[in-house]
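Colleague: Below is the structure I would like to discuss, written out as structure tokens.
The values are calculated or read from the model by the stated rules, or taken from the named source; none is laboratory data. Remember, it's a predicted structure, so these values are computed and weren't measured experimentally. Counting neighbours? That spans all protein chains shown, and the Cβs are built from the backbone with ideal geometry, glycine included.
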Amino acid sequence: MHKDTTVLITGTRKGIGKYLVEHYINKGFRVIGCSRNKADYEFEKYKHYCLDISDETSVKNMFMEINKKYNRLDILINNAGVASMNHSLLTPLKTAHKIIDTNLIGTFLFCREAARLMQRNKFGRIINFVTVAVPLKLAGEAIYSASKAAVLNLTQIMAKELGDMNITVNAIGPTPVKTDLIRSIPKPKIDNLINSQSIRRFGTFEDISNITDFFIKSESDFITGQVLYLGGVT
């Protein structure tokens, strides 16, 4: 990667997203982030946008600004996501719409707009976040898991569509990481999930950046349409 490498990460106000911002700034990249609310941190090579990632107008406006300011985008990491751990019979339609809009529609919009910028330079790396809830088919996570299963399918199809443009599209499926996303999940359920892994521990931020680093390196230009689940989940 060159000194002007530009990476866009969604959901950067806290947690995994915030960690990835710092990780790639430390690598010398120019980093752009976004979330619904303002970030409580600043870096010299970091630009933050406040928007709803499922709002097409806001997303298009942000990408127009990125194009005008940097005239390029090299890497997109679709980290933003929401979850609701409810039995299907207890899941309100409003909650279902919010999860689908954020996890699937938001990811799609960012993939589409990013690819439009990336194709100009005939280079791009797109990394989407799915979840081990997809292969494990976890009870109580029907809508969340379904939204992420759709993201996985989106990843694999867009990998085919964008391959001729030298844009790779891959996905990472984290196991539970100690962030706000799992704070409301009962401990027995988390313990059961971790015990279903080959390696029985929580995932870490470093585990995730190890995979994103792998997907974006120049030697990975022949790897696309793949998902890497952490912890030995298959």
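Colleague: Against the conditions (1) exposed (fewer than 15 other Cβ atoms within 10 Å of the Cβ); (2) among the β-branched types (Val, Ile, Thr); (3) within 15 Å of CYS111 (Cβ to Cβ), where does THR168 fall short? Just the number, please.
Modeller: Among (1) exposed (fewer than 15 other Cβ atoms within 10 Å of the Cβ); (2) among the β-branched types (Val, Ile, Thr); (3) within 15 Å of CYS111 (Cβ to Cβ), THR168 violates only (1).
Colleague: Pairs under 8 Å by beta carbon, first residue in contact (Cβ under 8 Å) with a residue 40 or more places away in the chain and within 13 Å of VAL7 (Cα to Cα) in segment 125-139, partner in a loop (DSSP other than H, G, I, E, B) and of a type in the set (D, E, K, R), six or more apart or different chains?
Modeller: ARG125/ASP74
Colleague: Report, by residue number, each residue of segment 169-200 that is of a type in the set (Ser, Thr, Tyr), at pLDDT below 85 and within 19 Å of TYR19 (Cβ to Cβ).
Modeller: Within segment 169-200, THR179 is the sole residue that qualifies.
Colleague: Same structure, new question: If you take the residues in segment 98-138 that are part of a loop (DSSP other than H, G, I, E, B) and within 16 Å of VAL233 (Cβ to Cβ), which one is nearest to the chain's Cα centre (by Cα)?
Modeller: Across segment 98-138, the extreme among qualifying residues is VAL130.
Colleague: List every residue pair whose Cβ atoms sit under 8 Å apart, with the two residues 6 or more apart in sequence or on different chains, where the first one lies in segment 171-199 and is in a helix (DSSP H, G or I) and the second, anywhere, is small (Gly, Ala, Ser).
Modeller: ASP180/GLY15; LEU181/GLY15; LEU181/GLY81; LEU181/ALA83; LYS189/GLY140; ILE194/GLY231
Colleague: Okay, next question. Restricting segment 200-222 to residues that are in a loop (DSSP other than H, G, I, E, B) and under 24 Å from GLY11 (Cβ atoms), which is farthest from the chain's Cα centre (by Cα)?
Modeller: ARG201
Colleague: Out of segment 38-48, which residues are over 17 Å from ASN61 (Cα atoms), within 20 Å of the chain's Cα centre (by Cα) and not aliphatic (A, V, I, L, M)?
Modeller: LYS38, TYR46 - these are the residues of segment 38-48 that are over 17 Å from ASN61 (Cα atoms), within 20 Å of the chain's Cα centre (by Cα) and not aliphatic (A, V, I, L, M).
Colleague: If THR168 passes every condition in (1) under 20 Å from LYS122 (Cα atoms); (2) assigned to a loop (DSSP other than H, G, I, E, B); (3) of a type in the set (Ser, Thr, Tyr) but one, which one does it miss?
Modeller: Here THR168 meets the rest and fails (2).
Colleague: Moving on to the next point. Can you pull out the residues in segment 1-33 that are out of contact with any strand residue (DSSP E or B) (no Cβ under 7 Å at 6 or more places or on another chain) and assigned to a helix (DSSP H, G or I)?
Modeller: GLY15, LYS18, TYR19, GLU22, HIS23, ASN26
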